[in-house]
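What follows is a single structure, written as structure tokens, with notes after it.
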Amino acid sequence: MKLKDRKWFLILGLLLVLALALGACGSSTPEEAAPAEEAAPAEEAAPAEEAAPAEEAAPAEEAAPAEEAAPAEEAADPNALPRNETLYFNGQQWGSVVGWNPYSNSNNNGMAIAQQDNARVLMFETPYLYNMMDGQIYPLLAAGPYEWNGDRTEITFSLNPAAHWSDGTPVTAEDMAYTWATHQKYNTPTGAGNVEYIANVIAVDEHTVTIQAALNDDGAAVNPLIVEAYLTNNYVIQKAWTQTLEARVSEDATAFLADAADDVVFSGPYGPYFDDDSKVVMIRDDNYWGQDASMWGKLPVPKYLAHTIFKDNAAGTTALQAGEVDVSQQFNSNVNLLWEDDGLPISTYLADPPYQIGASLPTAFYNLNSPGLDQVAVRKAIAMAVDYPTIIANAMTNQSATFNQVPRSLMNPTAGEQALYNHDAVADLQWAGNDIEGAIALLDEAGIVDSDGDGWREFNGEKLSYVATCPNGWSDWQAAIEVVAAAGAEIGIEITTNYPEWSVYQTVVTKSDAPLPEGYDIFMMWSDGAGPTQPWSRIRHLLSSEFNGMASNWNGNWGQYSNAEVDELVKAIPGETDEAALNDMYTRLVEIYLTDVPSFTLMYRPQNFHTVNESVWTSFPFDGDGTNPPVPPLDLMDGWSVAGLYNLELVNP
């Protein structure tokens with residue numbers, strides 16, 4: 001919807017409100033769960049550049065009294081949610097919630113747990129929030145900016161004295177110190193991902209925290225970026241509850257991470273209310289500390305956040321069209337037709353193409369242990385032959401820049417990242433796709449030919465036959481994988497497709513301590529989106545061999561590529577401050593990537609899809625809405641986008 005037409009469609013939306021108020025809340029229960037496109041959190045986070053104080057929210061004269069929050073022992077009825085108090089989502093939760101354990105990355109809990117550059121902070125909170133729109137970070141649990149010491153080996157900051165847990169006890173520096181100690185003790189994903197960079201987290205006094213960086217032989221911080229990242233990416237967890245969990249599992253590490261944590265204490269504005277295989281509902285904590293004048297000054301507007309578990313994207317889009325979804329974090333094909341042709345009160349963050357803000361690079365990874373895929377000629381030939389314009393036109397319905405517009409590298413399409421490497425130096429290595437002749441010539445020159453006349457090329461006497469895989473139900477990814485398979489047929493390489501359920505898929509591709517099994521020769525995964533350490537963190541996650549051998553690898557390099565020069569460059573960049581030197585380093589990394597082709601990007605994509613239906617709720621963030629700081633299009637739950645929950649208004653109060 002064009003933004004100038006927003007008011008008109010709000011009027012149309014009133015008609016839907018009347019119908020919705022009389023009908024059931026949410027969609028029908030799906031029989032089968034499909035995977036989320038934003039999945040479990042990375043084991044370590046990209047850092048924030050510089051702390052900036054949050055603009056003070058309009059203070060409340062007095063903390064708002066608690067409304068009647070549903071007590072834990074009261075049976076929840078997800079079908080009785082008042083529509084005018086409930087904000088419905090799609091695209092975040094696929095399949096039943098496994099648990100609410102903030103130490104684990106195996107919860108399948110898309111609404112509550114995601115530790116990343118823009119951490120999900122509906123239930124668990126970080127000291128600071130990253131804002132992808134202005135590149136700044138703002139205090140959440142913290143009070144004011146953090147400070148480095150003179151030699152950049154320690155960060156010190158204070159926690160907000162108003163912050164308290166859902167059980168009413170204060171959030172303290174000891175909670176944060178014990179959180180880090182626990183991550184180390186049980187070798188959690190967060191602990192494993194940060195232990196090389198953080199030496200200790202110390203409670204100086206009740207509210208003051210110091211993070212000590214791990215030092216190299218020269219006495220400098222091993223990686224100051226990751227030390228800063230800890231503040232924006234990782235939750236503070238209550239010490240008392242953690243000790244309860246430890247006692248319950250007798251300090252057994254496996255049981256500690258497997259515990260569902262249904263009794264978890266949290267500091268955020270929402271907590272668990274109901275979940276089963278059809279729906280997840282969170283309820284507002286009306287005693288939430290953030291209504292203090294030092295933070296938001298009020299409670300978030302919706303009392304309930306609900307997510308019906310849809311079968312696939314198509315079912316989610318149908319619900320969005322019907323007004324049963326308010327905020328859609330999924331790919332909606334030809335999204336502009338929802339307002340241009342159907343006249344629905346639906347809009348995206350940007351009024352015009354590409355409608356969303358491109359930030360990430362969905363990527364096809366090669367299993368480098370599959371016969372023939374250890375050959376660069378095979379890998380590059382497949383990548384060159386893929387018809388990317390078709391992927392962008394069909395899979396993304398033109399909601400992406402093309403590779404002619406933004407030549408492939410390791411960077412996203414934003415101007416800041418594109419300026420970080422020498423385009424001319426790698427121009428002869430780049431490809432825009434659909435180059436069948438070039439791919440055939442490359443294979444022929446390498447001696448990889450069809451020697452038995454069956455139409456398929458062989459290498460070392462074995463037919464080149466592969467399976468290209470992505471999760472079932474991710475319609476845009478599946479469409480892209482079909483184009484990859486079609487490219488293989490054009491150049492004499494047999495590629496079939498396979499679409500396992502996400503619950504199976506994620507357990508296979510995130511296990512990097514063993515070779516990938518049969519059926520995972522070419523497979524899709526995401527890349528980092530926008531963040532204060534990009535493109536360094538994205539490159540690290542795409543190429544660094546440090547993730548090889550990990551039993552649980554949510555970071556990247558899922559094809560298990562290894563290159564010593566890449567590892568050295570990735571290690572050196574965080575300590576480099578000279579812009580010319582950084583440009584040289586990034587250019588070299590792009591050159592290596594386009595030469596070795598351990599993976600290849602299929603499209604440019606928004607970090608989150610952010611499409612809203614204004615039948616029931618309005619005042620969602622959009623480009624140019626005048627909010628200061630601007631609220632990013634991350635579905636009102638990640639990083640600074642959570643601020644959008646405080647701005648919502650009912651169309652029909």
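The values are calculated or read from the model by the stated rules, or taken from the named source; none is laboratory data. Quick caveat, the model's predicted, so the values are computed rather than measured. In this analysis, Cβ positions are derived from the backbone assuming ideal geometry, glycine residues included, and neighbour counts consider all displayed protein chains.
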Those residues of region 530-558 which are of a type in the set (A, V, I, L, M) and closer than 19 Å to Asn412 by Cβ amount to Ala530, Ile539, Leu542, Leu543
Those residues that are crowded, with 19+ Cβ neighbours inside 10 Å, charged (D, E, K, R) and not in a loop (DSSP other than H, G, I, E, B), I need them from region 602-653; list them, please. Arg605, Asp638
Tally time: how many residues in region 321-348 are surrounded by fewer than 17 Cβ atoms within 10 Å (Cβ to Cβ), at pLDDT 95 or above and assigned to a loop (DSSP other than H, G, I, E, B)? 4
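Taking region 375-394 only, how many residues are within 21 Å of Ser465 (Cβ to Cβ) and part of a helix (DSSP H, G or I)?
Result for region 375-394: 10.
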Across region 172-201, what is the total count of residues that are within 25 Å of Asp151 (Cβ to Cβ), crowded, with 21+ Cβ neighbours inside 10 Å and polar (S, T, N, Q)? 1
Tell me which helices (runs of 4 or more DSSP H) are completely within region 482-577 and hold 3 or more residues being among the hydrophobic types (A, V, I, L, M, F, W, C), surrounded by fewer than 17 Cβ atoms within 10 Å (Cβ to Cβ) and modelled with pLDDT under 95, or say none if there are none. none
Could you tell me whether region 444-455 includes any residue that is closer than 30 Å to Gly358 by Cα and touching a strand residue (DSSP E or B) at 6+ places or on another chain (Cβ under 9 Å)? no
Check region 451-472 and report whether any residue there is within 30 Å of Leu582 (Cβ to Cβ) and either in contact with a Pro (Cβ under 7 Å, 6 or more places away or on another chain) or not aromatic (Phe, Trp, Tyr) (or both). no
Would you say His207 is in contact with a Gly (Cβ under 9 Å, 6 or more places away or on another chain) and at negative phi? no
Of all strands (runs of 3 or more DSSP E) fully inside region 122-234, the set with 2 or more residues that are over 30 Å from Gly626 (Cα atoms), more than 21 Å from the chain's Cα centre (by Cα) and among the β-branched types (Val, Ile, Thr) is 154-158, 198-203, 208-213
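Report whether or not Tyr235 is within 29 Å of Pro170 (Cβ to Cβ), touching a helix residue (DSSP H, G or I) at 6+ places or on another chain (Cβ under 8 Å) and either modelled with pLDDT under 95 or not assigned by TED's automatic domain parsing to the domain that holds Asn149 (or both).
Considered against the rule, which asks whether it is within 29 Å of Pro170 (Cβ to Cβ), touching a helix residue (DSSP H, G or I) at 6+ places or on another chain (Cβ under 8 Å) and either modelled with pLDDT under 95 or not assigned by TED's automatic domain parsing to the domain that holds Asn149 (or both), Tyr235 comes out as no.
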For residues that are farther than 15 Å from Ala383 by Cα and either over 27 Å from the mean Cα position of the chain (by Cα) or not acidic (Asp, Glu) (or both), tally how many sit in region 468-493. 10
Among the numbered criteria (1) under 14 Å from Arg379 (Cα atoms); (2) touching a strand residue (DSSP E or B) at 6+ places or on another chain (Cβ under 6 Å), which one does Thr496 miss? (1)
Condition first: among the polar types (S, T, N, Q) and in contact with a Gly (Cβ under 9 Å, 6 or more places away or on another chain). Can you find one or more residues in region 547-560 that meet it? yes
For Thr318, work out the one condition from (1) surrounded by 20 or more Cβ atoms within 10 Å (Cβ to Cβ); (2) outside any loop (DSSP other than H, G, I, E, B) it doesn't fulfil. (1)
Could you list, ordered by first residue, the pairs with Cβ atoms under 9 Å in which the first is in region 428-445 and acidic (Asp, Glu) and the second is assigned to a helix (DSSP H, G or I), at least 6 apart or interchain? Asp435/Met384; Asp435/Ala385; Glu445/Ala377
Kindly indicate the residue of region 405-433 that is surrounded by fewer than 18 Cβ atoms within 10 Å (Cβ to Cβ) and among the polar types (S, T, N, Q) and also farthest from Thr390 (Cα to Cα) among those meeting that condition. Asn422
Val204, sole failed condition from (1) in contact (Cβ under 8 Å) with a residue 40 or more places away in the chain; (2) surrounded by fewer than 19 Cβ atoms within 10 Å (Cβ to Cβ); (3) over 23 Å from Gln243 (Cβ atoms); (4) hydrophobic (A, V, I, L, M, F, W, C): (3)
From Ala261, Ala293, grab the single residue that is among the small types (Gly, Ala, Ser), on the phi > 0 side of the Ramachandran plot and part of a loop (DSSP other than H, G, I, E, B). Ala261
Which one of these is within 26 Å of Gln93 (Cβ to Cβ), out of contact with any His (no Cβ under 9 Å at 6 or more places or on another chain) and among the charged types (D, E, K, R): Asp205, Asp217, Asp277, Asp252? Asp277
Members of region 292-314 found to be under 20 Å from Asn394 (Cβ atoms) and surrounded by 20 or more Cβ atoms within 10 Å (Cβ to Cβ), listed by number: Asn313
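If you check Glu154 against the conditions, is it buried (at least 19 other Cβ atoms within 10 Å of the Cβ), of a type outside the set (Ser, Thr, Tyr) and at pLDDT 95 or above?
So Glu154 does not fit the description; no.
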